[in-house]
Amino acid sequence: MNDEFFCAEQILGPDGSIARRLTTYESRPQQLAMANSVENAIQNGHHLVAEAGTGVGKSFAYLVPAILAARQRRNEDDKCRRIIVSTHTISLQEQLIGNDIPFLQAVLPVEFSAVLVKGRGNYISLRRAGKAMQRASQQMLFEMDGQRQLSKISDWAQKTTDGSRSDLPFQPLSQVWDEVASDHGDCLGKKCPLHNECHYYRARRRVWNADLLVVNHALFFSDLALRREGASILPDYDTVIFDEAHTIEAVAADHLGLKLSEGQFNYLMNKLYNDSAQRGLLIVHKLENAQRQVMRVRHLCRDFFLAVDDWSQRFGRSNGRLDRTVDVENNISPALAVLAGMLNVHAQQVSGDGDKVELRAAATRCSGLADGLTAWCQQRADDAVFWIERSGAQRQRLVLMSAPVEVGPILREQLFNKVSSVILTSATLAIGTEDFRFFRSRVGVTDGKDDRQGSPFDYERQVRLILSAKMPDPAAAPREFQQEACRRIQRHLLETQGRAFVLFTSYSMMTFCAERLQGWLAEHDLTLYCQGKGMPRSAMLERFRKDDRAVLFGTDSFWQGVDVPGDALQNVIITRLPFSVPDHPLLEARVDIIKERGGNPFKEYQIPEAIIKLKQGFGRLIRSRHDTGRVVILDPRVLTKFYGRLFLKSLPECRVEIDDGESVEPVVVE
């Protein structure tokens, strides 16, 4: 290994390693400036908030200095801690692992290793799979589809070199995979006769020896939640790079709270003892007392969730939020504790190590559910909001939820104060041209430096931004606004012959417009792909890309993380400014806290949040320097309200035109 120290400019600069390798390479000043900021943050141990516009190439801007720093530390101290890169979307993970990192491994003048880290449950346990097949030959573990899947998994397990679910050629039923997946509680470790062949431990060794770990936000914040309890999934690290950092508040809140459903309890009880199918762990071990206890837990669960539903209908808020603890006795947790005790007692009596660990793992699951339910019922968590969500045709299925109202204080204490350098980057972090205060306050980063790099794309040449005048106000006259929006959507779709995303902020408006326009679209030979009609998002996008007269109606998940470069997408129509309606308990609680502090939640929270989301929607259009098209904002408030100028100021500078319903004219927006 060459001990020479390299800097990012030697790699990314106009005379750097990449330029010498690729004759078509164009060094981007914005990319190099961001790389220098990242390099400085890692070397000097400070935090960095970096916005990089589309086309900057921010993945190379953080990967290159991160890799160079990791190798330099490895040369100085072989026991140094790793650098973590965390993303939100699978597509970005695939880009990093499948394209960017292999390219850098070929180009960089240093050797390094990088690993995609997956949660343990993604890997098959060869021992558990063998045990499942053995039991399946003695009794029906699953219905016929499940039995067939188990057999296929067993065949695949003999051939796979990866051992992870993504390598499996089909999507298994969750209950089947759960029976064969690697499980921390149900693991013999080095005592396992198949330990040397274990796919999870092989992957774990690669993780512990790697310089760079690529994870997703969900896994990272699951690990952070465990670290609060003294455990961990990931090895120690002293640098974290969050790409798609605009999503971390939502992901952190989701993983630092609670989520309990009646289905979770019933799922575990059915694994232990399914009385109707006469299968389960307790039948294998002939534990009749424990079987009766399972039946008791089931009845208690049914009665408890019915009582909670009734209580919340009478005393909770209409959105499910709870203002006080639920006045329903929790008999489930004590009953689960008794069941866990029975399992642990029997675990001490059996002779086989595999049986012992399996029973103890089941007991741990029972205790975990019991503890979670007790915490929710007692509302133990400070500064958290508790609520109930309902689903199902009759809204009969309940989910008991909680989340910290503000993740900033938790992240400041558990992450920013403990890790020397945290780098947060995205194309959409700033409000206006330079202001990162909103993002910093939401995620709890109070020190470090800021860096904002605009896009190298020529937006004034590539984009027409069309604003809408003479439209009904969507807040004051929603029905009239929807009707006029449909009329204008028709005009804009005809002008580009489809090739359009129409982005909505609510399913109700999307459904209204889809029903009103589907006949018209068919008459004009335009294909409508509408979210929520049963087709997965990835399949919708694939069909959209191949159909040169396609129109896609989408809500929240299509505003970000969707990449359709080229002529397939030439028109992005944003129906309304994406203000969050604070009817969700968590958003409502955040608004309440700002009010209690004497602040203005609309100005301090809802406007900045909507600006960041608008920037995400705008960013769907231009994905390369060759793309062209229009972004249409139908919401007239961007022209008529005091905050409209801030929305426009936050977007890249481009040609602005006004559509008055009859014609489109260029204007200068000051």
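The values are calculated or read from the model by the stated rules, or taken from the named source; none is laboratory data. Here the structure is a predicted model, which is why all the values come from computation and not from measurement. Here the Cβ positions follow ideal geometry from the backbone for every residue, glycine too, while neighbour counts run over all protein chains shown. Calculation scope for accessible area: heavy atoms of the full protein, side chains included, ligands and nucleic acids excluded. Shrake-Rupley method; radii C 1.70, N 1.55, O 1.52, S 1.80 Å.
A few points about this structure:
- Consider segment 362-404 and keep the residues that are charged (D, E, K, R) and either open to solvent by less than 30 Å² (accessible area, probe 1.4 Å) or within 20 Å of Glu329 (Cβ to Cβ) (or both). The one that is modelled with the highest pLDDT is Asp371.
- Of the strands (runs of 3 or more DSSP E) lying entirely inside segment 455-536, those carrying at least 3 residues that are within 30 Å of Lys58 (Cα to Cα) and under 33 Å from the mean Cα position of the chain (by Cα) are 463-468, 500-503.
- Segment 145-155 - residue that is in contact with a helix residue (DSSP H, G or I) (Cβ under 6 Å, 6 or more places away or on another chain) and among the small types (Gly, Ala, Ser) and, of those, least open to solvent (accessible area, probe 1.4 Å): Gly146
Table: residues versus (1) surrounded by 15 or more Cβ atoms within 10 Å (Cβ to Cβ); (2) in contact with a strand residue (DSSP E or B) (Cβ under 6 Å, 6 or more places away or on another chain); (3) at pLDDT below 90.
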{"position": "Gly45", "(1), (2), (3)": "no, yes, no"}
{"position": "Val49", "(1), (2), (3)": "yes, yes, no"}
{"position": "Gln72", "(1), (2), (3)": "yes, no, yes"}
{"position": "Thr89", "(1), (2), (3)": "yes, no, yes"}
{"position": "Gln95", "(1), (2), (3)": "yes, no, no"}
{"position": "Ser113", "(1), (2), (3)": "yes, no, no"}
{"position": "Arg120", "(1), (2), (3)": "yes, no, no"}
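- In a residue-by-residue description of segment 497-517, the property of being surrounded by 14 or more Cβ atoms within 10 Å (Cβ to Cβ), free of Cβ contacts under 8 Å to residues at least 24 places away in the same chain, polar (S, T, N, Q) and more than 19 Å from Val632 (Cα to Cα) applies to at least one position.
- For segment 9-30, the candidate set comprises residues that are out of contact with any Leu (no Cβ under 7 Å at 6 or more places or on another chain) and not in a loop (DSSP other than H, G, I, E, B); within that set, the residue that is nearest to Asp451 (Cα to Cα) is Gln30.
- Number of the exception - Val581 against (1) open to solvent by less than 60 Å² (accessible area, probe 1.4 Å); (2) under 26 Å from Val443 (Cβ atoms); (3) part of a loop (DSSP other than H, G, I, E, B): (1)
- Matching option when the condition is farther than 22 Å from Arg625 by Cβ and either touching a Leu at 6+ places or on another chain (Cβ under 8 Å) or assigned to a helix (DSSP H, G or I) (or both), among Ala33, Ala50, Ala41: Ala41
- Scanning segment 156-189 for residues that are surrounded by fewer than 11 Cβ atoms within 10 Å (Cβ to Cβ) and either in a loop (DSSP other than H, G, I, E, B) or among the charged types (D, E, K, R) (or both) gives Gln158, Lys159, Thr161, Pro169, Phe170, Gln171.
- Pairing each residue of segment 85-114 that is farther than 16 Å from Ala210 by Cβ and assigned to a loop (DSSP other than H, G, I, E, B) with any residue that is open to solvent by 20 Å² or more (accessible area, probe 1.4 Å) and acidic (Asp, Glu), provided the two are 6+ apart or on different chains, yields C-beta distances under 7 Å for His88/Glu244; Thr89/Glu244.
- Residue, least open to solvent (accessible area, probe 1.4 Å), within segment 122-144, restricted to residues that are small (Gly, Ala, Ser) and more than 15 Å from Pro193 (Cα to Cα): Ala132
- Top-ranked residue in segment 5-37 [being among the hydroxyl-bearing types (Ser, Thr, Tyr) and under 21 Å from Glu51 (Cα atoms); ranked as surrounded by the fewest Cβ atoms within 10 Å (Cβ to Cβ)]: Ser27
- Put simply, of Ala277, Ala245, Ala210, Ala231 the only residue that is among the small types (Gly, Ala, Ser) and at pLDDT 95 or above is Ala245.
- Tally of residues being assigned to a helix (DSSP H, G or I) and open to solvent by less than 50 Å² (accessible area, probe 1.4 Å) across segment 327-354: 11
- Matching residues, segment 629-661, being of a type in the set (D, E, K, R), touching a residue at least 40 places away in the same chain (Cβ under 8 Å), more than 25 Å from Gln490 (Cα to Cα) and not in a loop (DSSP other than H, G, I, E, B): Lys649
- Whichever residue in segment 303-324 is touching a strand residue (DSSP E or B) at 6+ places or on another chain (Cβ under 8 Å) and polar (S, T, N, Q) and, among such residues, is least open to solvent (accessible area, probe 1.4 Å): Ser312
- Summed over segment 194-217, the residues that are open to solvent by 60 Å² or more (accessible area, probe 1.4 Å) and aromatic (Phe, Trp, Tyr) give a count of 1.
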